[in-house]
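The values are calculated or read from the model by the stated rules, or taken from the named source; none is laboratory data. Bear in mind that the values here come from a model prediction, so they are computed numbers and not experimental data. Positions of Cβ are generated from backbone atoms using ideal geometry, with glycine treated the same way; all protein chains shown enter the neighbour counts. The accessibility values were calculated without ligands, DNA or RNA, using every heavy atom of the protein model including side chains. Shrake-Rupley method; radii C 1.70, N 1.55, O 1.52, S 1.80 Å.
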Amino acid sequence: MSATIPGLSELSEVRVRLQACRHIVALTGAGVSAESGVPTFRDAQTGLWSRFEPEELATEAAFRSDPARVWDWYAWRRTLLATVRPNAGHEALAQFARRHPGRLSVVTQNVDGLHQAAGSDDVLALHGTLAGDRWLDACPLVQSGVAGCDPQEATAGHPPRCTTCGNLVRPDVVWFGEPLPEGVLARAGAAARDCDAMLVVGTSGAVYPAAGLAEIADAAGALVVVVNPAASELDRVAGVRLRGTSAAILPPLLDF
Ligand code: BJW
């Protein structure tokens, strides 16, 4: 992937336009964590989907058909995440929010927790969190009005399971075909409609409804700024395309 760093004058022009904005949304994807060493999904050589089939790993049907395989894949990714740190891109967003309280909303498709680790508060995590667990099926005790079992108390295994009813523990992420967390998506949609500018950083824009947030922002009249070293499907709604990596572009772009 070739990354052209935009000229200083182009960056400065965009920064001036951002300075006039009351509310900015950063919509981020896997690319924002690439420079921390977290693999993206769709990059041709290095993306997870170049080595694994999404429908064999990131769907409920895949988990039900081979729970151990899917669990172990997520366990491998959790081990990888334990070794990584936020990069300059995550930090630029967190520091900007500290300097300008209430002016930036971070909406991420990432499940890696790196925005939060960098100090961003109130991150809208559209696709859940890799660090979390939940039951695969609704706990039958909850249905009968009794407090449910806690996935943290499941019996260890690949995956852990409930000794009472056999329910399986799954990672608390959003797989294909599953709804996004309702309140989170509603807040992200409201932020997209309300913002003056949206920074679309490190996402291919291939997955909906997340990608639709940039279309919402564009339709509402916001300036859409795509930060990506390669072409993305959201270039068509971009008012500005900054070709480069998030760790190189976000610090100077948000340095005000
Ligand atoms: C850099 C960089 C650097 C590299 N700096 N940049 C409308 C149209 C068509 C289909 C649909 C539609 N609406 C819904 C669908 C179906 C489906 C979908 O979108 N399918 C498409 C693939 C066709 N969507 C869903 O199923 C969603 N659910 C849903 O719609 O539910 C409806 C429903 C309602 C009510 C009841 C039931 C259902 C759910 C989507 C869940 C996505 N899940 C995953 C896995 C999460 C768990 C896990 O981690 O394993 O989320 S898939 C994967 O893709 C992951 C990501 O969050 C997501 C997006 O990927 P992202 O972040 O864009 O990464 P990449 O790799 O694609 O791109 C990286 C980019 O970074 C590239 O552009 C690089 O160039 C760039 N880059 N280095 C900056 N240093």
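Criterion first (closer than 30 Å to residue 61 by Cα, surrounded by fewer than 22 Cβ atoms within 10 Å (Cβ to Cβ) and not β-branched (Val, Ile, Thr)) does residue 205 satisfy it?
Working: closer than 30 Å to residue 61 by Cα: yes; surrounded by fewer than 22 Cβ atoms within 10 Å (Cβ to Cβ): no; not β-branched (Val, Ile, Thr): yes.
It is false that residue 205 is closer than 30 Å to residue 61 by Cα, surrounded by fewer than 22 Cβ atoms within 10 Å (Cβ to Cβ) and not β-branched (Val, Ile, Thr).
Among the residues of region 181-188, are any under 30 Å from residue 141 (Cα atoms) and not in a helix (DSSP H, G or I)?
Initially, region 181-188 is screened for residues under 30 Å from residue 141 (Cα atoms), giving 181-186.
Keeping just the survivors that are not in a helix (DSSP H, G or I) gives 181.
Yes, there is a match, as at least one residue in region 181-188 is under 30 Å from residue 141 (Cα atoms) and not in a helix (DSSP H, G or I).
Tell me, please, whether a residue that is within 16 Å of the ligand (Cβ to nearest atom), within 27 Å of residue 104 (Cα to Cα) and modelled with pLDDT under 95 can be found in region 168-182.
yes
Identify, please: which residue in region 58-99 is part of a loop (DSSP other than H, G, I, E, B) and open to solvent by 40 Å² or more (accessible area, probe 1.4 Å) and is, among those, nearest to residue 29 (Cα to Cα)?
So the first thing to find is which residues in region 58-99 are part of a loop (DSSP other than H, G, I, E, B), and the list is 58, 66, 82-87.
Those left that are additionally open to solvent by 40 Å² or more (accessible area, probe 1.4 Å): 66, 82-83, 85.
Values: 66: 27, 82: 19, 83: 19, 85: 16 Å.
Among residues in region 58-99 that are part of a loop (DSSP other than H, G, I, E, B) and open to solvent by 40 Å² or more (accessible area, probe 1.4 Å), the one nearest to residue 29 (Cα to Cα) is 85.
Which of (1) in a loop (DSSP other than H, G, I, E, B); (2) over 25 Å from residue 103 (Cβ atoms); (3) away from the ligand (no atom under 15 Å from the Cβ); (4) of a type outside the set (Val, Ile, Thr) does residue 152 not meet, given it meets every other one?
(1)
Report those strands (runs of 3 or more DSSP E) wholly inside region 189-256 carrying at least 1 residues which are within 12 Å of residue 26 (Cβ to Cβ).
Working: elements: 197-201, 223-227, 240-242.
Ranges flagged: 197-201, 223-227.
Yes or no: region 34-48 includes at least one residue that is free of Cβ contacts under 8 Å to residues at least 24 places away in the same chain, part of a helix (DSSP H, G or I) and either within 22 Å of the chain's Cα centre (by Cα) or surrounded by 13 or more Cβ atoms within 10 Å (Cβ to Cβ) (or both).
yes
I'm told residue 6 meets every condition in (1) crowded, with 18+ Cβ neighbours inside 10 Å; (2) within 22 Å of the chain's Cα centre (by Cα) except one. Can you identify the failing condition by its number?
(2)
Condition first: touching a helix residue (DSSP H, G or I) at 6+ places or on another chain (Cβ under 8 Å) and within 9 Å of the ligand (Cβ to nearest atom). Now tell me which residues in region 211-225 satisfy that. Let's see the steps before the verdict.
Kept after step one, since they are touching a helix residue (DSSP H, G or I) at 6+ places or on another chain (Cβ under 8 Å), are these residues of region 211-225: 211, 213-218, 220, 222-225.
Listed by number, the list holds a single entry, 211.
Can you list residue pairs whose Cβ atoms sit under 8 Å apart, with the first residue in region 174-192 being under 23 Å from residue 59 (Cβ atoms) and the second being within 11 Å of the ligand (Cβ to nearest atom) and at pLDDT below 95? Count only pairs 6 or more apart in sequence or on different chains.
176/54; 176/55
Which number in (1) among the aliphatic types (A, V, I, L, M); (2) more than 16 Å from the ligand (Cβ to nearest atom); (3) at pLDDT 95 or above; (4) open to solvent by 70 Å² or more (accessible area, probe 1.4 Å) marks the one condition that residue 142 misses?
Here residue 142 meets the rest and fails (3).
In the set 244, 189, which member is touching a Gly at 6+ places or on another chain (Cβ under 9 Å) and either open to solvent by less than 40 Å² (accessible area, probe 1.4 Å) or near the ligand (Cβ under 10 Å from one of its atoms) (or both)?
Details: 244 fails: touching a Gly at 6+ places or on another chain (Cβ under 9 Å).
After ruling out the rest, the residue left standing is 189.
Exactly one condition in (1) near the ligand (Cβ under 8 Å from one of its atoms); (2) over 29 Å from residue 197 (Cβ atoms); (3) in contact with a Pro (Cβ under 9 Å, 6 or more places away or on another chain); (4) not aromatic (Phe, Trp, Tyr) is not met by residue 47; state its number.
It is condition (2) that residue 47 fails.
Looking at 93, 27, which is the one that is more than 10 Å from the ligand (Cβ to nearest atom) and either touching a residue at least 12 places away in the same chain (Cβ under 8 Å) or more than 30 Å from residue 255 (Cβ to Cβ) (or both)?
Working: 27 fails: more than 10 Å from the ligand (Cβ to nearest atom).
Just one listed residue meets the conditions, 93.
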